[in-house]
Amino acid sequence: MKRAEFLLCKQVSYTPMTTPIGAHEQVLILDFGGQYTQLIARRVRECSVFCEILPYDTPLAEIRRRNPKGVILSGGPASVYEPDAPRVDPELFTLGVPVLGICYGHQLMAYLLGGTVAPAPQHEYGRTLLTVVHAEPMFNELDFHLTCWMSHGDSVETPPAGFIVLAETENTPVAAMGDLERNLYGVQFHPEVAHTPFGMHLLRNFLYKVCGCRGDWTMRNFIQESIADIRERVGRERVLCAVSGGVDSCTVAALVQRAIGEQLTCIFVDHGLMRQGEAEQVRALFTQHFPVRLIFVDARERFLNRLRGVTDPEQKRKIIGEEFVRVFEEHADAIGQCRYLAQGTLYPDVIESGAGIAATIKTHHNVGGLPEWMTMELIEPLRYLFKDEGRRVALELGLPPEIVWRQPFPGPGLAVRVLGEVTAEKLEIVRTADAILNEELTRTGWAQRVWQALAVLPDVRSVGVMGDQRTYAHPIVLRVVHSEDAMTAEPAELPWDLLLRIANRISNEVPSVNRVLYDLSSKPPATIEWE
Ligand code: XMP
């Protein structure tokens, strides 16, 4: 995030969230706008410890209320000595809760506790050799010479009173510091990135040796607790579960079904923005694997009508989110007394929709796209889970592989892949191109190797020539990415001959397409979808 954007985000008001998993030991990550904050959260979860990301200015009372085993201060783009730099209440360091500062968090801890921080004489960026000078407890069972990932312009010159230097590099004398009595630690490098190979070990040392965590965050526990939660909350009421055929909503349906059985009805809304043959596939999948009541709604016309003339991506998402809820509420009435709506919202949907400090990247239709007039209450058991955690839950629940490993597909469907106004004709173009792309990737075994593969129809035309005739037709953009959790992504290096074959097929088989492009952007700076 750029600094200006970050400072703007500071204005976002903070509403305390209740943690669904209150009984679990948890670590809080205070976010200073660092590009790797979500990655820190994932790494902590990988260590079997539940954690949540909160804005850096979360009131101390709220932190205390949550009774965390530890607090991690993330990196961030600011400089601690600037007047408007984001800070924490220094009382945080007196709560008796272990704190780990990473990069900006490390500098902030030093600064607030009386150390000095200044622009480093030499910026350090990339893989750097680290020498450990005091191993216990953070560098326990690690070599004395290690490789770490650095990315900073400021550095700690002198650690605060009570701190000792734990590690140094050639240009950074205080690359890691600690107050062993108060359990306060800071590292200038990024333990959360893969380029710091010992990073997970260091995080584990912090969580287990310093914070005293036991590691009670497992998907098996999660399932048992979610089922108990849902049962208690729902009582004898009825639940409508919105399913799209994707892994997240199917997992929620399976969880809710285990919790309340017959009180569950699932609903699939065909909004006409699905991929080729998808609506029929989902119906078949459900009949085969879920012995639950399924309402299948053909809402193609009403969605297309509502989208007529709409070109703004955020507007499209809001309309779709709203129309979904309208359909759900109509059917909830028809079933009779359906008080709850269950849906497969994930943690990244919440983060990217602008909860807390993160800038709103896109309003996910199932989070920020929900209308205020909605009367049903939400049940979102996966709201704090990353995609890979959701998939692990699905596997534990015994969902079939074709659901567990299904490519993610956005709720607003092809509407966010047809740039500009959505029309039936444009949808058909992007649908056919998408089918060709995915058919070829499946045929060559690439479909299982990538996170997502999609076709986009931009709102432009270009000149071409076909059969000696001038054409003025659409381009199709192919986007195939690798990703771990959709928070970051890299373009897939597909074999050239495969790309050429796909491009050839699309321009020959999809009417009104005369050009095919391959999107080479990473996320960030781009996103996976184009809208
Ligand atoms: P972006 O485009 O933000 O997408 O990099 C990240 C992941 O989320 C999916 N996506 C959505 N899913 N509702 C959804 O259910 C949405 O509004 C939405 N927008 C993006 C996207 O396909 C990718 O997997």
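Of the residues L240, L285, L304, the single one that is over 22 Å from V367 (Cα atoms), more than 16 Å from the ligand (Cβ to nearest atom) and buried (at least 17 other Cβ atoms within 10 Å of the Cβ) is L285.
It is to be established whether one or more residues within the stretch 302-323 are under 23 Å from V404 (Cβ atoms) and among the acidic types (D, E). Checked the stretch 302-323: no residue is under 23 Å from V404 (Cβ atoms) and among the acidic types (D, E). Of all the criteria given as (1) over 23 Å from G390 (Cα atoms); (2) in contact (Cβ under 8 Å) with a residue 12 or more places away in the chain, the one not satisfied by G235 is (2). Would you point out the residue of the stretch 89-104, among those that are in a strand (DSSP E or B) and not β-branched (V, I, T), that is nearest to E124 (Cα to Cα)? Selected residue: G101.
Screening M466 on (1) among the hydrophobic types (A, V, I, L, M, F, W, C); (2) surrounded by fewer than 14 Cβ atoms within 10 Å (Cβ to Cβ); (3) under 28 Å from P348 (Cα atoms) shows it passes everything except condition (3).
This table checks each residue for (1) open to solvent by 10 Å² or more (accessible area, probe 1.4 Å); (2) β-branched (V, I, T); (3) touching a Pro at 6+ places or on another chain (Cβ under 6 Å); (4) more than 27 Å from C47 (Cα to Cα).
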| site | (1), (2), (3), (4) |
| --- | --- |
| R64 | yes, no, no, no |
| N67 | yes, no, no, no |
| G70 | no, no, yes, no |
| G96 | yes, no, no, no |
| M109 | no, no, no, no |
| P121 | yes, no, no, yes |
| V133 | yes, yes, no, no |
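Residues in the stretch 47-62 that are within 15 Å of the chain's Cα centre (by Cα) and open to solvent by 10 Å² or more (accessible area, probe 1.4 Å): I53 alone.
On the stretch given as the stretch 251-278, residues that are crowded, with 24+ Cβ neighbours inside 10 Å and touching a Lys or Arg at 6+ places or on another chain (Cβ under 7 Å) total 1.
When each of L499, L478 is tested for being more than 16 Å from the ligand (Cβ to nearest atom) and not assigned by TED's automatic domain parsing to the domain that holds I361, the lone residue that passes is L499. Reported count of residues in the stretch 273-324, each being of a type outside the set (K, R) and in a loop (DSSP other than H, G, I, E, B), is 12.
The set of residues in the stretch 428-486 that are touching a Pro at 6+ places or on another chain (Cβ under 9 Å), touching a residue at least 60 places away in the same chain (Cβ under 8 Å) and among the basic types (K, R) is empty. There is no residue in the stretch 408-421 that is open to solvent by 30 Å² or more (accessible area, probe 1.4 Å), within 16 Å of the ligand (Cβ to nearest atom), within 26 Å of the chain's Cα centre (by Cα) and in the same structural domain as R300 (by TED's automatic domain parsing).
The values are calculated or read from the model by the stated rules, or taken from the named source; none is laboratory data. Note that the structure is predicted; figures quoted are calculated from it, not measured. Neighbour counts are summed over all protein chains in view; Cβ atoms, including those assigned to glycine, are modelled from backbone coordinates with ideal geometry. The accessibility values were calculated without ligands, DNA or RNA, using every heavy atom of the protein model including side chains. Shrake-Rupley method; radii C 1.70, N 1.55, O 1.52, S 1.80 Å.
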